[in-house]
Amino acid sequence: PQHPGVKLINIFLDRHPAANSLPSKGGAADLNLERIKSMFYHAYNSYLDNAFPYDELRPLTCDGQDTWGRKPTSMFSPLKVLGNHTEFQRVASILQDTVDFDIDVNASVFETNIRVVGGLLSAHLLAGRAGMELEPGWPCSGPLLRMAAEAARRLIPAFQTPTGMPYGTVNLLHGVSPTETPVTCTAGVGTFILEFATLSRLTGDPTFEDVARRALTALWKTRSDIGLVGNHIDVLSKKWVAQDAGIGAGVDSYFEYLVKGAILLQDEELLNMFHAYDAAIQNYTRFDDWYLWVQMHKGTVSMPIFQSLEAFWPGLQSLLGNLDSAVRTFQNYYSVWRQFGGLPEFYSIPQGYTVDKREGYPLRPELIESAMYLFRATGDHTYLQLGLDALESIEKVSRTPCGYASVKDLRDHQLDNRMESFFLAETIKYLYLLFDPTHFLHGGGMEGDGSWEEGGEGGQCVLGAGGFIFNTEAHPLDPAALYCCSRHSKERQELRDALLSLSHPKKKAGSQSKPADERTEEPPQSQSESIALKPGEKKTLPTLSCPVQPFSARLSVLGQVFSDNS
Ligand code: DMJ
């Protein structure tokens, strides 16, 4: 349905000549890749020249600002994707020399994990292919891996709660503030297993994976009788504070990490959790291949809206082989893109129009990300067409002399003074990978740059052989490296155990072998310091906050106002 006052904004009429031909490899395909590269370098150089070392470029004033604690580590993997090894090495050495986590900064636990820990881990794993000098033992050791572990260690105090679910914000120097709200969003609890398990399996230190699993187990136990989770939870009392269930803002990457965690770690338990949620989501929230928001206990519709963050869902479904429904849902979302030349943050499904104060498009990647997966799964050129539409509309609407600006309002193309780091880390990367189906990051061990590589002590690891898993900030992780390093540390552990058993009785088996529902909620033995919160300490009334929504949010759901304090 069309809103009565809709003026269709078709910004695609005036196409770039190259956009009229869809790619097979070579010719038009290469031309599109060149255009995407030049988009990247315009954004990247504008950022470096005018904003670095701040987190983000402000394209309209052509300066920088900090949003996530001044850790611009999201640049590596796009540089590797585009094959710029010299710049990759230069950035790696600058960051090694300059980044210091010993700073009195309150950081979002979620954002620091997906951007900083994820960015550094990915850079570490891509370092060999980017021609960096590797220390013996790589990928199970290395300077970027140590930096990632150091960043993650600063987040661990947030997990030291009675439930194991983390606070939303932590001070990198002092731990959790005694005044920190215990209310955080679902994604802020369940989006750690990819990075934390990677860290644990590469370094041999189980602390990271243990805290991430404990948080996942606790969250799983809070699902409603009809199998849904809400939007915001109190990590101390386990009470659901915002009870809207859906697949978008505040929840999205929790589901993404169950699926990708299952693939990365070959973990059936995570997959079973996702399947159980998926059954409830399909049953209660899906209408005509749209996904609505419903009350988590009753299943009644609370918001009949589509959020642009939800556009990752068809791609995720395609990873599980649920292609039919993924394709239909993608078509719904693509129709919204065509209506506005971008995806508005919120779109009212019954009205067929944007929602008040949510008309912007901050250059998010999700629909392009889904197009990349669906093109690989189906070969259907519809997905390339979306890529061309995105390329055209971003160039036409968002390009400024100083990078690319978020669209404040898709109805009149007013711009905002922000270029979020996910534009470089995710949007452009997925666009590039959509048009380069033989890129090594798609897996498959192709020739040349795509061929497998060796690693590990003595070169006995075959890396990149099992494809790559992208974290929620599009930083690729290599399952083969995890397997290889855990095998080595297991061998070392067995040797240590054998030596120890000569003088000590055998240790009890760890909690990890038990099913999730039977695990205790005792905190794991952490190697990190404990948090600043003391038992019985008086707390101020919680402010609702969610680390996942950077858009200076005051998001009203069912009459409640969520303030983004990050
Ligand atoms: C990214 O920061 C991550 O993908 C996150 O999970 C939610 N989406 C934004 C980009 O839209």
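Residues in the stretch 223-236 that are closer than 20 Å to residue 110 by Cα and assigned to a loop (DSSP other than H, G, I, E, B): 229, 230, 231, 235, 236. If you go through the stretch 93-116 and keep only what is within 15 Å of residue 176 (Cα to Cα) and within 16 Å of the ligand (Cβ to nearest atom), you end up with 107, 108, 109, 110, 112. Could we say that residue 129 is within 16 Å of the ligand (Cβ to nearest atom), in contact with a helix residue (DSSP H, G or I) (Cβ under 8 Å, 6 or more places away or on another chain) and open to solvent by 10 Å² or more (accessible area, probe 1.4 Å) here? For residue 129, the condition - within 16 Å of the ligand (Cβ to nearest atom), in contact with a helix residue (DSSP H, G or I) (Cβ under 8 Å, 6 or more places away or on another chain) and open to solvent by 10 Å² or more (accessible area, probe 1.4 Å) - is not met. For the stretch 269-302, a tally of residues being within 19 Å of residue 467 (Cβ to Cβ) and open to solvent by 10 Å² or more (accessible area, probe 1.4 Å) returns 1. Against the numbered list (1) more than 30 Å from residue 83 (Cα to Cα); (2) crowded, with 24+ Cβ neighbours inside 10 Å, residue 112 comes up short only at (1). Cβ-Cβ contacts under 7 Å between residues 6 or more apart (or on different chains), taken from a first residue in the stretch 328-340 that is within 14 Å of residue 317 (Cα to Cα) to a second residue that is open to solvent by 20 Å² or more (accessible area, probe 1.4 Å), are listed as 328/289; 329/289.
Pairing residues of the stretch 474-487 that are open to solvent by 10 Å² or more (accessible area, probe 1.4 Å) with residues that are charged (D, E, K, R), at Cβ distances under 9 Å and at least 6 apart in sequence or on separate chains, gives 483/201; 486/201.
For the stretch 299-313, filtered to residues that are touching a residue at least 60 places away in the same chain (Cβ under 8 Å) and away from the ligand (no atom under 15 Å from the Cβ), the residue that is farthest from residue 426 (Cα to Cα) is 299. Among the residues of the stretch 390-425, the ones that are assigned to a helix (DSSP H, G or I) and hydrophobic (A, V, I, L, M, F, W, C) come to 8 in all.
Conditions (1) touching a residue at least 60 places away in the same chain (Cβ under 8 Å); (2) assigned to a loop (DSSP other than H, G, I, E, B), marked per residue:
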site	(1), (2)
250	yes, yes
253	yes, no
263	yes, no
271	no, no
276	no, no
283	no, no
294	yes, no
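I'm checking my understanding of the structure. Among residues of the stretch 198-213 that are touching a residue at least 60 places away in the same chain (Cβ under 8 Å) and surrounded by 24 or more Cβ atoms within 10 Å (Cβ to Cβ), which one is farthest from residue 142 (Cα to Cα)? Filtering first and then ranking leaves 213.
The set of residues from the stretch 192-207 being part of a helix (DSSP H, G or I), of a type outside the set (S, T, N, Q) and within 12 Å of residue 145 (Cβ to Cβ) comprises 195, 199, 201, 202.
Considering the stretch 76-92, and only residues there that are open to solvent by 10 Å² or more (accessible area, probe 1.4 Å) and part of a helix (DSSP H, G or I), the residue that is farthest from the ligand (Cβ to nearest atom) turns out to be 86.
Residue count for the stretch 360-393, restricted to those that are open to solvent by 10 Å² or more (accessible area, probe 1.4 Å) and away from the ligand (no atom under 16 Å from the Cβ): 10.
Taking the numbered list (1) under 19 Å from residue 474 (Cα atoms); (2) free of Cβ contacts under 8 Å to residues at least 24 places away in the same chain in turn, residue 121 passes all entries but (2). Scanning the stretch 341-359 for residues that are surrounded by fewer than 24 Cβ atoms within 10 Å (Cβ to Cβ) and under 20 Å from the mean Cα position of the chain (by Cα) yields one hit, 346.
Right, residue 222: over 23 Å from residue 485 (Cα atoms) and either aliphatic (A, V, I, L, M) or modelled with pLDDT of 95 or more (or both) or not? Judged against the criteria, residue 222 is a match.
Restricting attention to the stretch 414-441, the residues that are within 12 Å of the ligand (Cβ to nearest atom), open to solvent by 10 Å² or more (accessible area, probe 1.4 Å) and aliphatic (A, V, I, L, M) add up to 0.
The values are calculated or read from the model by the stated rules, or taken from the named source; none is laboratory data. Just so it is clear, the model here is predicted, and its values are computed rather than measured. Counting neighbours? That spans all protein chains shown, and the Cβs are built from the backbone with ideal geometry, glycine included. Accessible surface areas use protein heavy atoms only, side chains included; no ligands, DNA or RNA. Shrake-Rupley method; radii C 1.70, N 1.55, O 1.52, S 1.80 Å.
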